[in-house]
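Asker: Pasting a structure below so you can have a look.
What follows is calculated from the coordinates using simple rules that are stated; it is not laboratory data. Computed from a predicted structure; not experimentally measured. Cβ: placed from backbone, ideal geometry, glycine included. Neighbour counts: every protein chain shown.
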Amino acid sequence: MRRMKYPSISKEEIKRVIDGRGNCSRIPVLFNIWLNPSAFGEKQKAVEDLIAEYPEDVNVIYLGIPGVYDAPADEPSYRWSYMDKNVCASALDASGFIYDWDTQLEALLSDFPSPESRHLIPKDFRRDERYRIGHWWYFYFERLWSIRGIQDSLTDFYLYPDAVHRLFRTLTDFYKRMITRAHDELALDAIFTSDDLGTQTAPFFSLKIFDEFFYPYYKEIIDHVHALGMHFWLHVCGNVEILIPRFIDLGVDVLHPIQKYTMDERKIAKEYGDKITIWAGFDVQRTIPFGTKEDVRKEIRFLIDTYIRKDGRFMLTFGNGITPDTPLESLEAVYDEAYRYGTEMIGKIMNI
């Protein structure tokens, strides 16, 4: 077995960082959730060898959330859609199956997937002593547009508010039972999900819409997660600066990614760094596919210098999925600089 270049970080150390109770020996790094070596084709082995040299500081377990159209052969109702896929639909965000709430809402809710499904809890995850996260994609807004289509979902808040609330109520009940099962059966330390609420310049909707349609359901789920003794992690792409105070009030423990070129990282760190843990995402749109190795190292140093705090509340990762056009030397630079400089700066800030 290849020897790691750095020691692993314990579960208790990760909890201390997230809770703002101090740092550990280096900045926690969680790159691999966003990296699929098989996507690199002939470079797959080189990518696998690279990541094998560095510890991944958490254990991410993917929950068996229902698909939109596809269902297990032995449980055909374990999917969000009650009908087959519309093969005429093209773009992902336009391929919803609910075309008319008035005639389709009852059918959707009456055939909702069950959180008791045996397919929900994976059996083949890696069992170790790392901090353990239960993860799925698409929380509320992403789930809404996945069944409705992005354009109609944005008008539904005004034209069909009752339908949105009924869907979100049913989703909330599903999520709460799913989270309880995942906690009990997988011994989780955290729940991590996604809801891309922002465009490059602002959220998709106003604070008024967020407060009416999202806040109460987010709150119910996050309170439930906390009652089970877990942290709540949230991935939200885009410029969501005006929503960050809401996330803090809701009790979001870890926020990802503070997307590059959409918000001022220094401002976010100054105003909110002591109130919520920033899981800072390295830029995948420009820097890593098109920058030089030194550009990559410089950006890692910038992120660490910007977000590092004596009380913790900072971890490092990619901002989103790494594309296969990423140069291997840039990927190597990301890993090397994150672990090396992250260790060095913890020593300096803690006067070790």
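Asker: Scan region 213-267 for residues that are surrounded by fewer than 20 Cβ atoms within 10 Å (Cβ to Cβ), charged (D, E, K, R) and under 20 Å from residue 33 (Cβ atoms) and jot them down.
Answerer: Correct list: 260 only.
Asker: Considering each residue of region 271-330, count those that are basic (Lys, Arg), within 26 Å of residue 37 (Cα to Cα) and either touching a strand residue (DSSP E or B) at 6+ places or on another chain (Cβ under 7 Å) or outside any helix (DSSP H, G or I) (or both), and give that number.
Answerer: 1
Asker: With region 119-212 as the region, which helices (runs of 4 or more DSSP H) entirely inside it contain at least 3 residues that are in contact with a Pro (Cβ under 9 Å, 6 or more places away or on another chain) and more than 28 Å from residue 104 (Cβ to Cβ)?
Answerer: In region 119-212, 161-186 are the helices (runs of 4 or more DSSP H) which contain 3 or more residues that are in contact with a Pro (Cβ under 9 Å, 6 or more places away or on another chain) and more than 28 Å from residue 104 (Cβ to Cβ).
Asker: Just wondering, is there one or more residues in region 178-187 that are in contact with a helix residue (DSSP H, G or I) (Cβ under 8 Å, 6 or more places away or on another chain) and among the charged types (D, E, K, R)?
Answerer: No: zero hits.
Asker: Still on this structure, I have one more. What residue, among those in region 57-82 that are surrounded by fewer than 18 Cβ atoms within 10 Å (Cβ to Cβ) and acidic (Asp, Glu), is farthest from the chain's Cα centre (by Cα)?
Answerer: 74
Asker: Also: Count, please, the residues in region 37-61 that happen to be part of a helix (DSSP H, G or I) and either free of Cβ contacts under 8 Å to residues at least 24 places away in the same chain or over 28 Å from residue 119 (Cβ atoms) (or both).
Answerer: Final tally of qualifying residues: 14.
Asker: Another one. Could we say that residue 210 is buried (at least 16 other Cβ atoms within 10 Å of the Cβ), over 15 Å from the mean Cα position of the chain (by Cα) and hydrophobic (A, V, I, L, M, F, W, C) here?
Answerer: Answer is yes for this residue.
Asker: Taking the stated definitions as given, is residue 102 surrounded by fewer than 18 Cβ atoms within 10 Å (Cβ to Cβ), assigned to a helix (DSSP H, G or I) and within 20 Å of the chain's Cα centre (by Cα)?
Answerer: On the way: surrounded by fewer than 18 Cβ atoms within 10 Å (Cβ to Cβ): yes; assigned to a helix (DSSP H, G or I): yes; within 20 Å of the chain's Cα centre (by Cα): no.
So residue 102 does not fit the description; no.
Asker: Let me ask you something else. What's the total number of residues in region 288-302 that are in contact with a Phe, Trp or Tyr (Cβ under 7 Å, 6 or more places away or on another chain) and without any contact (Cβ under 8 Å) to a residue 40 or more places away in the chain?
Answerer: Residues flagged as in contact with a Phe, Trp or Tyr (Cβ under 7 Å, 6 or more places away or on another chain) and without any contact (Cβ under 8 Å) to a residue 40 or more places away in the chain within region 288-302 amount to 1.
Asker: Which of the residues spanning region 14-51 are of a type in the set (Lys, Arg) and farther than 19 Å from residue 288 by Cα? Reasoning before the result, please.
Answerer: Pass one, region 14-51, residues of a type in the set (Lys, Arg): 15-16, 21, 26, 43, 45.
Of everything in region 14-51, those that are of a type in the set (Lys, Arg) and farther than 19 Å from residue 288 by Cα turn out to be 15, 16, 21, 26, 45.
Asker: What is the residue count in region 120-164 for residues that are aromatic (Phe, Trp, Tyr) and farther than 16 Å from residue 190 by Cβ?
Answerer: Residues in region 120-164 being aromatic (Phe, Trp, Tyr) and farther than 16 Å from residue 190 by Cβ: 7 in total.
Asker: Take the residues in region 268-304 that are among the small types (Gly, Ala, Ser) and within 12 Å of residue 319 (Cβ to Cβ); name whichever of them is surrounded by the fewest Cβ atoms within 10 Å (Cβ to Cβ).
Answerer: Filtering region 268-304 for residues that are among the small types (Gly, Ala, Ser) and within 12 Å of residue 319 (Cβ to Cβ), the one surrounded by the fewest Cβ atoms within 10 Å (Cβ to Cβ) comes out as 281.
Asker: Here are 132, 118: which of them is farther than 19 Å from residue 68 by Cβ and surrounded by fewer than 19 Cβ atoms within 10 Å (Cβ to Cβ)?
Answerer: Only one candidate qualifies: 118.
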